[in-house]
Structures are given as structure tokens and as C-alpha cells.
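One structure below.
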């Protein structure tokens with residue numbers, strides 16, 4: 001198929017998953033219903049997320065080397081698989097549009113108030129198209145280069161917040177103020193679908209990992225780490241801003257960083273942090289783009305690199321047309337995205353796929369045994 | 001009307017015909033050496049025309065008339081008289097050797113490299129390389145003797161890669177001298193020099209150096225294939241070879257490392273790389289090259305490792321500065337005032353008061369001026385070199401600020417950028433940051449820090465996609481090889497570097513298995 005098989009290493013996979021998960025979840029405040037207990041909800045969602053990624057990988061382990069689209073073909077046959085693949089391509093592109101929109105809004109709000117969002121989204125899509133054209137190997141290596149700086153910077157921010165005296169842990173109390181149910185409701189479905197369940201896109205990336213056998217362990221650890229990081233970050237956010245303010249601001253993490261003022265010299269770091277968050281956004285969007293492009297390659301038989309520029313440009317426009325303004329967009333992401341897109345594609349279709357695959361697997365095994373019995 | 005497709009193909013055919021014509025030798029050459037010396041003389045004048053440096057003289061070889069031919073420009077006349085004419089004068093008394101050239105050489109011309117050939121082409125090539133040819137009447141073979149003599153610059157200190165502590169000799173234009181400089185450092189029979197003749201018109205001798213048993217055979221084979229596939233007419237410097245054999249030329253980053261230093265060449269050969277030496281070039285190509293090679297100097301290994309590590313980190317920082325400083329300044333002043341502390345912002349703005357240009361124009365103007373100054377400084381005759389520094393430093397710098405065209409801080413930024421760009425130990429590498437700096441400034445002017453970050457991402461993506469002879473350019477950073485990190489940003493002590501880099505996949509991974517950290521005797525005194 002390909003002249004040069006692309007491979008990514010386990011450490012690259014680990015970093016990819018971490019930055020994918022932190023990507024937009026760090027920017028937009030998620031899990032607002034749980035108020036100050038959002039971190040508990042995150043821990044619960046992490047457990048569910050680990051379950052999800054284990055489930056996805058065990059599906060891939062049934063037929064090693066096959067990705068999601070090929071599994072669909074095995075389960076349903078070519079014709080129905082084409083339909084489902086097309087739906088998945090739409091899902092990935094739609095999710096990518098959401099990522100781009102989140103990022104565009106962030107840049108417009110924090111850095112360039114006078115620049116139209118189209119400029120931001122289009123330029124970023126061009127960069128994404130370049131990386132998608134270069135392939136997953138280049139993306140994975142670039143992340144390997146950038147991630148130490150990004151993590152170091154995040155750590156520095158936490159340190160600055162601590163030095164500044166902004167962290168007030170009492171704001172996290174009272175624990176379980178409204179009982180357990182708001183926490184459970186936040187953990188499932190909202191936090192499980194976003195960001196935990198989004199790892200479904202890795203069903204296209206995992207099969208090309210160099211040591212496929214060990215991917216389960218690495219992916220589970222990566223999801224767990226990112227989940228706990230997110231839990232910690234959301235607790236930090238509440239501790240700095242308090243529940244009230246954290247609910248009101250559009251980008252709570254950025255608002256928390258804005259609190260830093262050390263010696264009247266280190267100030268307004270929020271504009272810098274935006275560029276650190278850019279790494280996560282970049283990884284998330286490019287993984288979605290690659291997943292969709294692979295689907296298009298599967299559908300059309302044309303090498304996916306050809307699609308990278310037109311598709312990324314289309315998604316850039318889609319992200320602008322998603323909603324007229326940010327308020328409408330927030331409403332859409334809360335309802336339509338979650339119920340219409342995330343739940344069916346992250347859990348519904350994989351469930352169906354699992355049933356079909358196990359049925360096929362069992363039948364094949366039986367057939368194999370029968371054939372064996374006949375010959376013997 | 002001409003059919004366009006037909007016309008196109010006709011054009012192609014014409015090109016093919018001209019290519020075929022130019023590939024054929026200009027004058028038909030005979031295959032073998034004629035046995036009359038008069039005929040030889042005729043053929044020689046046909047081959048060489050009436051070139052002034054062709055010396056022919058008829059002498060007696062025993063009792064046979066013979067013809068001594070050489071290019072005076074490539075040989076040493078004194079040596080010819082001493083080593084050939086002298087013995088020949090005595091050989092009159094030895095008629096029994098007259099048919100047996102080989103025996104004659106072994107007894108009379110001892111110590112001279114010789115060759116007996118009957119192929120006309122080969123003799124011509126050897127003569128061009130500084131051999132003396134002796135045609136004997138009624139003998140179908142000619143004797144070619146190596147009496148090379150051409151003067152070269154003596155071994156001097158390298159002009160581009162100077163160091164404070166360490167060997168001071170540098171390569172010269174003679175490939176033989178360069179090879180001896182390397183051989184003198186690696187007294188090991190496994191060191192090999194493979195000979196190639198490249199350039200259809202210049203026929204330049206090119207040598208491929210490597211160490212058998214260390215070098216990765218895959219890399220070696222790839223270099224050989226690329227050298228053999230090279231179709232060029234002339235080679236005057238290894239820089240020309242570089243562009244023919246590099247993996248990709250559409251990149252501002254050099255994919256081969258070139259050095260003037262024999263010690264760094266020898267160290268690289270020991271690490272498991274290959275070197276290409278070309279006649280006439282004091283620069284030796286080292287392949288494969290990775291990004292980190294361009295931040296390492298041989299001196300790093302000759303001075304204490306703490307200092308070396310610190311200096312290395314400074315080099316990386318300087319590279320980033322020279323790439324991003326003007327762009328960052330432009331974008332902060334244009335878009336992100338809030339990032340600067342108020343006091344600093346006020347002082348910068350006070351200086352920019354009355355400057356008629358936007359920051360971008362100011363930055364581009366100054367950067368361009370600096371590039372012009374730099375180019376003039378290099379090309380100017382030495383005698384007027386001082387003028388450039390006076391004109392550049394005083395008139396353009398100071399006067400422009402005083403005239404209120406350029407702000408003071410911009411002069412500081414440009415100066416810092418310029419100095420940072422000189423830090424890279426390899427000249428060809430600093431060009432990449434010089435080129436990319438301008439696009440970064442433009443990105444910063446149009447999209448602020450966001451644009452700069454996007455540019456940086458594209459640059460890193462491009463770097464990640466590059467390969468040098470199959471080795472990823474950013475190795476061992478991406479893909480990450482933890483074991484190789486002891487010689488990237490920091491240099492570990494010599495005894496801690498037991499292995500060659502993993503990413504080169506050398507045949508012999510461990511270079512000093514028994515290296516140990518020095519430890520004093522237990523009682524603290526020498527026994």
C-alpha cells in the first residue's frame with residue numbers, strides 16, 4: 001500500500017494522547033454543573049475514559065494491524081462499512097471544527113480582539129494541512145520536541161500562582177455540597193464524552209504504533225495521566241477563581257493565569273499561555289484531521305495527502321459557520337455535539353461493532369474448528 | 001500549424017540528441033598505444049592541441065629511441081631530471097633490459113610509483129594527474145611514472161572554524177595532504193579511502209573516507225550509490241557535491257556538515273560517519289549530519305565538560321535568538337504591548353517617539369543593512385576592510401539613531417541578532433537562521449506572536465521531516481533516544497560516553513567499554 005510505512009514509537013504515542021486530551025479541555029471550562037467538586041467528577045470520568053480506551057484497543061487487538069475503517073469492513077462488509085466510515089469521517093471533521101472554533105475564540109478573546117476569527121482559523125488550518133501532508137510521523141516528532149517546553153511552562157504557571165498566593169484551597173470546600181448526583185451527571189455523559197471519549201480517533205493512530213502489543217498499557221497510562229492532570233488543573237482553577245467566577249468566565253484557565261502578578265514585572269502571562277495551549281489544540285486538530293483523511297483514503301482509494309489542503313480549508317469554514325456567536329456555540333457544544341455526535345460515535349457505534357466483531361470472531365473460530373475437525 | 005504535442009516531442013528529441021552529442025568525446029581517441037614514437041607524437045598533439053605546458057623530449061632508452069612526455073604544470077622538472085633522465089643516461093649499458101620494462105623499473109627506477117599500460121585513454125588520464133609517460137620505439141606499451149609536483153598552500157590554521165585550545169592545523173586544497181592529515185590522527189588499518197573520479201569535464205579526484213567495522217554499511221552503500229549517480233561536469237569544491245548528494249535541496253538547513261578541521265573529521269569518522277574529500281577543496285563533507293552536529297565544536301571535547309555543556313546551551317539559545325528576536329520584538333511592539341512591564345514599555349515608546357516608520361519597516365531596513373554590511377565585509381579587499389566597519393558601525397548605526405530614523409532599541413536588537421548568528425560553528429548553518437529570520441519578521445508583523453509560533457511550528461515540522469542519508473535530522477531528539485542524550489545539550493565527561501550514538505546504527509556500538517571515572521587511591525596519597 002504505502003511505499004514507506006510510517007511508524008510512531010510508544011513514547012510518541014504517550015505524548016500524543018496526553019496533549020490530545022489536555023488540548024481543548026484545558027482551555028474551555030468543562031464540568032461546570034459539578035461546581036467545586038469538578039475534580040471528583042474528573043477522576044470518575046478518568047476511570048470511565050480508561051475503560052473506554054481499553055475497550056477500543058481490545059477491539060483493535062482482535063485483528064492486529066487493522067484500523068477502525070478496516071474493522072468496520074470486517075464486521076459489516078464493504079458496502080455498509082463505506083456508509084459507517086463516511087459517518088465517522090464527518091464526525092471527525094465536525095469535532096475538528098469544534099476544536100478550531102474553541103481555539104479561534106480563545107485567540108480572538110485573549111490576544112487579537114480586532115481580528116476576525118476567519119483569519120485565525122484559516123492560518124491555523126494551513127499549518128494543520130502542512131502537518132497532515134507530512135504525516136503522523138512528523139506530527140509525533142514535533143510533539144516530542146514541543147511537549148517538554150509546554151509542560152515546563154505549565155509547571156511554571158502553577159509555581160507562579162503559588163508564589164503569588166492566588167491558590168486558596170478553601171474555595172474547594174464544601175466537598176459534595178449538593179450530594180453525589182451532580183458529580184455523577186457531570187462525569188457521565190459530559191466529561192466522559194468530552195474529553196475522555198474522544199480517544200476514539202486514536203483507533204486510526206494506534207495500529208501504526210511500532211510496538212503494537214504494548215500500546216494498551218501505554219495508552220491506558222496516558223489517559224490516566226491526562227485525566228489526573230485535568231482533575232488537578234480544574235481543582236486549581238476553582239482554588240484560584242472560586243466557583244462563581246470560574247462559572248462566569250469563558251476561559252477559566254486563562255482567567256486564573258491572569259491573576260499572576262509578581263514584583264510588578266511578571267504580569268499578563270495569559271497572552272503567553274495561549275501559545276502553550278496551542279500545542280494541545282494543534283495535536284487534537286491534527287489527529288482528527290488525520291483520522292478523517294485516512295477515512296477519505298479508505299473511501300476513495302486516493303492517497304490521503306491529496307485531501308489535506310482542501311479538507312482543512314473546508315473545516316476552517318465549517319468551524320466559522322458552526323454558530324453565529326460564542327453563546328450560540330456554547331449551547332450547541334453542550335447539546336447537539338454531545339447527543340448527536342459524541343455519544344453515538346464514541347459508544348453507540350463501537351458497541352455495535354463489538355457485537356458484530358465478536359459474533360464474526362466466534363463464527364470464524366467455529367468454522368475453523370469445524371474445518372479442522374473435518375480435515376482431521 | 002504545428003501540432004503542440006508533436007512539437008513538444010520534437011523538442012525533447014532535439015535535447016536528447018544534444019545530450020548524446022555532448023556525452024561523446026570531442027575528438028576520436030585511439031584505443032591502444034602505437035609502437036612508433038613518431039605516431040605517438042602525432043597523436044599527442046592531436047589530443048592536447050598546442051597547449052603550452054606539454055613537454056616532449058626524445059631520449060635514448062638503452063639503444064632504442066624513446067619519447068618522454070609530461071605536463072610541466074603538473075610535474076616537478078627537478079625530480080624528472082634526477083629520477084628519470086639520470087638513470088636513463090646510465091642505462092645505455094644495459095641493453096638486455098630493453099624489451100622488459102618491468103624489470104627495468106624494478107632495478108633502475110626504484111621508489112617511484114610506476115605503471116605499464118597500453119591503453120591510450122588511461123595514459124592520458126594519468127598524465128593529467130601528474131604522471132610522466134615514456135613511449136619506447138617498437139614497444140606496444142608505455143611506461144607511466146608518478147612524478148607529481150604541484151605547489152599548494154601550506155597547512156595553516158583553519159580560517160572559518162577557529163578554536164582556542166586544541167589542534168590548529170587545517171585542511172588545504174590538496175586531497176593528498178588532507179588524507180594524510182586524517183590518517184595521521186587515525187593510525188588504524190580499518191581507515192579506508194575510496195577513490196572516485198567525478199565531473200565529466202574536470203575529472204576531479206574525490207575520496208570517500210570511512211572506518212571499516214564501525215560505519216553502518218547501509219549509510220556507506222547509500223553514499224556510494226549517490227556518488228556514482230552524480231552527473232556533473234565540474235567540481236571545484238565539496239559544496240558542489242553537497243547539492244548533488246543531499247537528500248533534499250528545498251530546505252534552508254544544511255543536510256551535510258562541512259569542516260576545515262582534521263580533528264573534527266577524524267572524530268566524526270570514529271563516531272561512525274563518512275567523509276568526502278575532494279581535490280581542490282579545503283572543506284571536507286561529513287555525512288550523515290544531524291541538527292545537533294551544527295552546535296558542536298571539536299573544542300567541546302578538549303575543555304572541561306561543565307564549561308562545554310554550558311557553552312553548548314548558550315549556542316542553542318543564540319540560534320533561537322538570532323532566529324526569533326527581531327520577530328518577537330516586532331510582534332510585541334505591534335500587537336502585544338501588554339506583555340511588557342509598564343516601565344519598559346514606556347521607555348521603549350519614548351524612544352520610538354518621532355520614528356517615522358512602523359516597527360516592521362524599521363526592522364527589515366536594519367536587518368537588510370546588516371546583511372549588506374556583512375556581505376561587503378567579506379568581499380572587500382583586506383586593505384579597505386577597516387572602512388566597512390567604520391562606515392557600518394558609526395555612520396549607519398549611530399547616525400541613523402541620532403537622525404531619528406531608527407530607534408536605539410532596534411539597533412540593539414539587530415546587533416544582538418547579528419552577533420548571535422555568528423555563534424554556530426559551521427558557517428553554512430548560520431545561513432538558515434539568516435534566511436528564516438526575514439520570514440519570521442514578516443509573520444510577526446502580520447499575525448503577531450501567533451504568527452511567529454505558527455512559523456516556528458512549520459519550521460519544526462519541516463525539520464522533523466528532513467533526513468540526512470536515512471538518519472532523521474533531529475535525531476536523537478525526535479525520535480527521542482534517551483541513551484544518546486549524553487552528548488546533545490550537555491556533554492558528559494569523556495569516561496561516561498561509552499557508546500556511539502544509537503541513531504547512527506553503527507556496526508560497533510560500544511566505543512570504550514572499560515572507561516571508568518578517575519578515582520584517587522583510597523588513602524588519598526599516591527602510592
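None of A:303, A:252 is more than 14 Å from chain B (Cβ to nearest Cβ), in contact with a helix residue (DSSP H, G or I) (Cβ under 8 Å, 6 or more places away or on another chain) and crowded, with 23+ Cβ neighbours inside 10 Å except A:252. Is at least one residue of segment B:161-176 over 20 Å from the mean Cα position of the chain (by Cα), within 30 Å of residue B:57 (Cα to Cα) and part of a loop (DSSP other than H, G, I, E, B)? Checking segment B:161-176: not a single residue is over 20 Å from the mean Cα position of the chain (by Cα), within 30 Å of residue B:57 (Cα to Cα) and part of a loop (DSSP other than H, G, I, E, B). Tell me yes or no: at least one residue of segment A:186-201 is in a loop (DSSP other than H, G, I, E, B), modelled with pLDDT under 90 and surrounded by fewer than 23 Cβ atoms within 10 Å (Cβ to Cβ). No: zero hits.
Scanning segment B:483-496 for residues that are buried (at least 16 other Cβ atoms within 10 Å of the Cβ) and in contact with a strand residue (DSSP E or B) (Cβ under 7 Å, 6 or more places away or on another chain) turns up nothing. Taken over segment A:153-204, residues that are more than 13 Å from the chain's Cα centre (by Cα) and closer than 30 Å to residue A:340 by Cβ amount to 14.
The single condition among (1) touching a strand residue (DSSP E or B) at 6+ places or on another chain (Cβ under 8 Å); (2) surrounded by 14 or more Cβ atoms within 10 Å (Cβ to Cβ) that residue B:195 does not satisfy is (2). Screening residue B:422 against (1) within 10 Å of chain A (Cβ to nearest Cβ); (2) free of Cβ contacts under 8 Å to residues at least 60 places away in the same chain leaves a single unmet condition, (1).
Residue A:245 meets all of the listed conditions (1) in a helix (DSSP H, G or I); (2) in contact (Cβ under 8 Å) with a residue 60 or more places away in the chain; (3) away from chain B (no Cβ under 14 Å) but one, namely (2).
Residue selection: residue B:320 satisfies the criterion of being closer than 16 Å to residue B:417 by Cα, free of Cβ contacts under 8 Å to residues at least 40 places away in the same chain and under 43 Å from the mean Cα position of the chain (by Cα).
Residue under question is residue B:309, and the condition is that it be buried (at least 21 other Cβ atoms within 10 Å of the Cβ), at pLDDT 90 or above, more than 14 Å from chain A (Cβ to nearest Cβ) and closer than 24 Å to residue B:420 by Cβ; does it hold? Judged against the criteria, residue B:309 is not a match. With respect to residue A:128, is the statement that it is more than 26 Å from residue A:247 (Cβ to Cβ) and touching a residue at least 12 places away in the same chain (Cβ under 8 Å) true? Yes: the conditions hold for residue A:128. Residue A:278: touching a residue at least 12 places away in the same chain (Cβ under 8 Å), assigned to a helix (DSSP H, G or I), more than 11 Å from chain B (Cβ to nearest Cβ) and touching a helix residue (DSSP H, G or I) at 6+ places or on another chain (Cβ under 9 Å), yes or no? Here the answer is no, as residue A:278 does not meet what is asked.
Residue-by-condition table, conditions (1) at pLDDT below 90; (2) more than 10 Å from chain B (Cβ to nearest Cβ); (3) surrounded by 16 or more Cβ atoms within 10 Å (Cβ to Cβ):
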{"residue": "A:99", "(1), (2), (3)": "no, yes, yes"}
{"residue": "A:106", "(1), (2), (3)": "no, yes, yes"}
{"residue": "A:117", "(1), (2), (3)": "no, yes, yes"}
{"residue": "A:121", "(1), (2), (3)": "no, yes, yes"}
{"residue": "A:127", "(1), (2), (3)": "no, no, yes"}
{"residue": "A:136", "(1), (2), (3)": "no, yes, yes"}
{"residue": "A:139", "(1), (2), (3)": "no, no, yes"}
{"residue": "A:142", "(1), (2), (3)": "no, no, yes"}
{"residue": "A:159", "(1), (2), (3)": "no, yes, no"}
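For the residues B:357, B:438, the requirement of being under 24 Å from residue B:345 (Cα atoms) and in contact (Cβ under 8 Å) with a residue 24 or more places away in the chain singles out B:357.
Residues checked against (1) at pLDDT below 90; (2) closer than 25 Å to residue A:19 by Cα; (3) away from every other protein chain (no Cβ under 14 Å):
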{"site": "A:267", "(1), (2), (3)": "yes, no, no"}
{"site": "A:283", "(1), (2), (3)": "no, yes, no"}
{"site": "A:308", "(1), (2), (3)": "no, yes, no"}
{"site": "A:319", "(1), (2), (3)": "no, yes, yes"}
{"site": "A:325", "(1), (2), (3)": "yes, no, yes"}
{"site": "A:333", "(1), (2), (3)": "yes, yes, yes"}
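Pairs are defined by a Cβ separation below 6 Å, a sequence spacing of at least 6 or placement on different chains, a first member in segment A:165-187 that is on the phi < 0 side of the Ramachandran plot, and a second member that is surrounded by 11 or more Cβ atoms within 10 Å (Cβ to Cβ) and in a loop (DSSP other than H, G, I, E, B); the pairs so defined are A:166/A:259; A:186/A:31. When you scan segment B:327-334, do you find a residue that is surrounded by fewer than 20 Cβ atoms within 10 Å (Cβ to Cβ) and either at pLDDT 95 or above or more than 30 Å from residue B:170 (Cα to Cα) (or both), even just one? Yes, segment B:327-334 has at least one match. The residue that is surrounded by the fewest Cβ atoms within 10 Å (Cβ to Cβ), among those in segment B:452-479 that are part of a loop (DSSP other than H, G, I, E, B) and more than 7 Å from every other protein chain (Cβ to nearest Cβ), is B:470. Considering only segment A:25-41, I want to know if a residue exists there that is more than 14 Å from chain B (Cβ to nearest Cβ), within 12 Å of the chain's Cα centre (by Cα) and at pLDDT 90 or above. Scanning segment A:25-41 turns up no residue that is more than 14 Å from chain B (Cβ to nearest Cβ), within 12 Å of the chain's Cα centre (by Cα) and at pLDDT 90 or above. Quick one: would you say residue B:382 is more than 14 Å from every other protein chain (Cβ to nearest Cβ) and in contact with a strand residue (DSSP E or B) (Cβ under 8 Å, 6 or more places away or on another chain)? So residue B:382 does not fit the description; no. Being within 14 Å of another protein chain (Cβ to nearest Cβ), touching a strand residue (DSSP E or B) at 6+ places or on another chain (Cβ under 8 Å) and closer than 29 Å to residue A:140 by Cβ: is that true of residue A:271 here? Criteria not met by residue A:271.
Here residue A:260 passes the criteria (1) within 11 Å of chain B (Cβ to nearest Cβ); (2) surrounded by fewer than 23 Cβ atoms within 10 Å (Cβ to Cβ) except the one numbered (1). Going by the structure shown, is residue B:435 surrounded by fewer than 14 Cβ atoms within 10 Å (Cβ to Cβ) and at pLDDT 90 or above? Against the criterion (surrounded by fewer than 14 Cβ atoms within 10 Å (Cβ to Cβ) and at pLDDT 90 or above), residue B:435 qualifies.
Within segment A:203-218, at least one residue is surrounded by 19 or more Cβ atoms within 10 Å (Cβ to Cβ), within 19 Å of residue A:43 (Cα to Cα) and touching a helix residue (DSSP H, G or I) at 6+ places or on another chain (Cβ under 9 Å).
Checked against (1) more than 25 Å from residue B:466 (Cβ to Cβ); (2) within 14 Å of another protein chain (Cβ to nearest Cβ), residue B:497 meets all criteria but (2). Criterion applied to B:287, B:208 was being surrounded by fewer than 23 Cβ atoms within 10 Å (Cβ to Cβ) and either in contact (Cβ under 8 Å) with a residue 40 or more places away in the chain or on the phi > 0 side of the Ramachandran plot (or both), and the one residue passing it is B:208.
The values are calculated or read from the model by the stated rules, or taken from the named source; none is laboratory data. Everything numeric in this text was worked out from a predicted model, so none of it was measured. Methodologically, a virtual Cβ is constructed for each residue, glycine included, from the backbone with ideal geometry; neighbour enumeration extends over all protein chains shown.
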